[in-house]
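Working notes, structure below.
Each reported figure results from applying straightforward, stated rules to the coordinates on display, with no laboratory input. Note that the coordinates shown come from a computational prediction; the quantities given were computed from them, not determined experimentally. Quick reminder, even Gly has a Cβ in these numbers, built from the backbone with ideal geometry, and neighbours come from all protein chains shown.
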């Protein structure tokens, strides 16, 4: 029911400490946008600015074409679900859910109808007369969501809503939120999390925040398959993408690079021009894209230091790579169970469509 | 001997005596009475451990018994007897009580006590809550809180003297040294002897206690307000609550338990109120209260029977509130 438009939004504390700057983002109606980023990147702050709980110190925020920078939270047409649920402990579930409507001076019949409908949707009917302390964590979170639903907001804001739940409940509640979104295709949702799985599974588009700004905006698979920069490449996907030093030796539709002092040349599907010849690049290969090879042309050769057998995959951690001391540990993820790898020297390569190229931190795909 | 030296010796003897008592009594228990050796070592250890808690409890039990429990029983006995001239007692039944009830001063004291009971805890708690909320998260809040809390450090008698000066009266035309009259005169009014105005002078006395207890209420309630999860307040803001609704519908209900504890604690102080009335009016001009009435009867009129009877009345009034207070305080701690 709403479009959001953030233009040059910035947040500065005390006039000196920049937390966020130059945030430009268009959110369309019906989207489920997920903000992810490392802790301290300002994702919660950005959400709270949209909610109106933090002052916007620069730029404009529009909801449905109307600038709402100075509109109080309750009049922005938003509803927020907090990390700690933030239920009013002295009110029953019913009172919690009807509080906003009572403040808005809605009639009792309207309030009852809205609360009952939300309770039904969230399977909270048996608990309506209980106090929050008599509910489990998952039930409390549903009440918090119900409190948002009854207000029928234009935009739902979720601030790490699952991080207080245990692992099993988190998965169940995540699926419930996905189903809720499906049941309300018209409503716009913004969801903050530090959990990649939540981001990948729920989002229609993910906004990766880093270094006080937006690192990349895109669909989950966009971010995975075509990261715009090294930060997103390493942030999305687990374990993080391996970055190896390399030099461009052939340009064109496909690019040939030699990696470190490794053996020969590997190909990448990223197109380059003649200007890029001899350019130093970082070659990015995800652990799951690493393939063992016997070929003379390989991307990496190293001794297996640690193996982690997870059953469905086996993760190989390589000892200090022979090429470069300040390169991160290289990790390969091989399908299935691979036995007796420890201490062995392995050569790895990757398919050309899986090889990413970065120069000065940015992907050569985006130029 | 120099009094300071006496004080030091008292402290050394007192503290040293405590340490010595605990040390030697435990030593006696473990080495002499039930030594942890010989054929019955295990049984002896168990027995010693059964007795040990009582060693630690004994001094407190003795002191409380002597100074709290025994006086209650003795007061009850005194209230039911009359002293005979030349010594000895006679059983008087409820005679002292009926005599007391017939005394108009007792009725006045009871009425005034009720008045104190309703006004002082209510206003102290209300002002304390107001001060706690207004000073919350403000730069100079800590300074304001210290100033409001300061009267707590003054004894009731000291406070009574200060306020007696505030209410001081000098004849019209003279320099008014009482602040209240000075203000009244400067506004063109006539000076009044405030403490002699029946009925209203009760409230002038109550002001002293409210002035003191507001600081207490503020400190406790301020801590309780800090304990309210910030997100519930933010949720209320998003829900559209204005500052008054946030305060009365979100914050106050969440600290209701603490408010009750503060309220009942002040109520108990009020029921026992003595010093302020004693020092400022001594119960004259219709300001009598129960504790001062008891003091009057017991130590001025030497009427031990009626004095003890009024003491029993005070105890009966305090007990239920005390029980309620302890119950709530325990509930808060859980």
Q) Just the C-alpha atoms of segment B:237-333: what Rg/Rh do they give, with Rh taken as the Kirkwood radius? A) 1.22
Q. So how do B:239, A:166 line up by other beta-carbon neighbours within 10 Å, fewest first?
A. A:166, B:239
Q: Specify the residue with the greatest mean-square fluctuation among B:245, B:99, B:284, computed from a Gaussian network of chain B linking alpha-carbon atoms under 10 Å apart.
A: B:245
Q: Give the order of B:228, A:145 when sorted by the count of other beta carbons within 10 angstrom, beginning with the fewest.
A: B:228, A:145
Q | Taking segment B:3-61 and dividing mean pair separation by its residue count, relative contact order in percent (alpha carbons under 8 Å, at least six apart) | A | 27
Q. On a 0 to 90 degree scale, rounded to 10, what angle separates helix A:167-183 from the longest Cα axis of chain A?
A. 70
(Q) For a distance above 15 Å, tell me the whole-number percent of Cα pairs in segment A:155-195 that qualify. (A) 42
Q: Using only alpha carbon pairs under 8 Å that are at least six residues apart, calculate the relative contact order of segment B:100-333 and give it in whole percent.
A: 28
Q. For the protein assembly as shown, what is the convex hull volume of its Cα atoms per residue in Å³?
A. 352
Q: For chain B, compute Rh as the Kirkwood radius over C-alpha pairs and then the Stokes-Einstein diffusion coefficient at 10 °C and 1.306 mPa s; write the answer in µm²/s, rounded to an integer.
A: 64
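Which whole number gives the average count of other chain Cβ atoms within 10 Å of the Cβ atoms across peptide B:236-247?
Shielding by partners across B:236-247 averages 6.
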Q) What number, in percent, do you get for the relative contact order of chain A if the mean sequence gap of Cα pairs under 8 Å and at least 6 apart is divided by its residue count? A) 15
Q | Calculated diffusion of segment B:241-287, Stokes-Einstein form, Kirkwood radius summed over Cα pairs, 20 °C and 1.002 mPa s, µm²/s | A | 160
Q.
What distance in nm separates the two pseudo spin-label positions at residue A:26 and residue A:319, each 7 Å out from Cα along the beta-carbon direction?
A. 5.5
Q) To the nearest 10 degrees, how steep is helix A:137-149 against the longest Cα principal axis of chain A, on a 0 to 90 scale? A) 70
Q) Please report, for the Cα atoms of segment B:84-134, the Rg to one decimal and the Dmax as a whole number; what are they, in angstrom? A) 20.1, 63
(Q) Cut-off 15 Å, label point 7 angstrom out along Cα-to-Cβ of residue B:111: give me the residues of segment B:259-285 whose amide nitrogen falls inside. (A) B:284-285
Q.
Among B:139, B:164, B:297, which one shows the highest mean-square fluctuation when chain B is modelled as a Gaussian network with alpha-carbon springs under 10 Å?
A. B:139
Q: Per DSSP H run of at least 4 residues, take -39500 (n - 2.57); add these up for chain B, divide by its residues and hand me the 222 nm value, nearest 500 deg cm²/dmol.
A: -22000 deg cm²/dmol
Q. Using a Gaussian network model of chain B with C-alpha springs under 10 Å, which one of B:38, B:257, B:188 is most mobile by mean-square fluctuation?
A. B:38
Q. Do the sum for chain A: with -39,500 (n - 2.57) for every DSSP H run of n ≥ 4, divided by all residues, what is the mean residue ellipticity at 222 nm, to the nearest 500 deg cm²/dmol?
A. -6500 deg cm²/dmol
Q: Calculate the spin-label point distance for residue A:297 paired with residue B:136, positioning each point 7 Å from the Cα along the beta-carbon direction, and give it in nanometres.
A: 6.9
Q. Which distance in Å, rounded to a whole number, links the C-alpha centroids of segment A:124-173 and segment B:63-127?
A. 57
Q | Ellipsoid equivalent to chain A - semi-axes via the Cα gyration tensor, in Å | A | 47, 25, 16
Q) Given a Förster radius of 45 Å and the C-beta distance between residue A:305 and residue A:120 as r, what FRET efficiency does 1/(1 + (r/R0)^6) yield to the nearest 0.05? A) 0.25
Q: Beyond 13 Å, what share of the Cα-Cα pairs of segment B:3-61 is found? Please give it as a whole percent.
A: 66
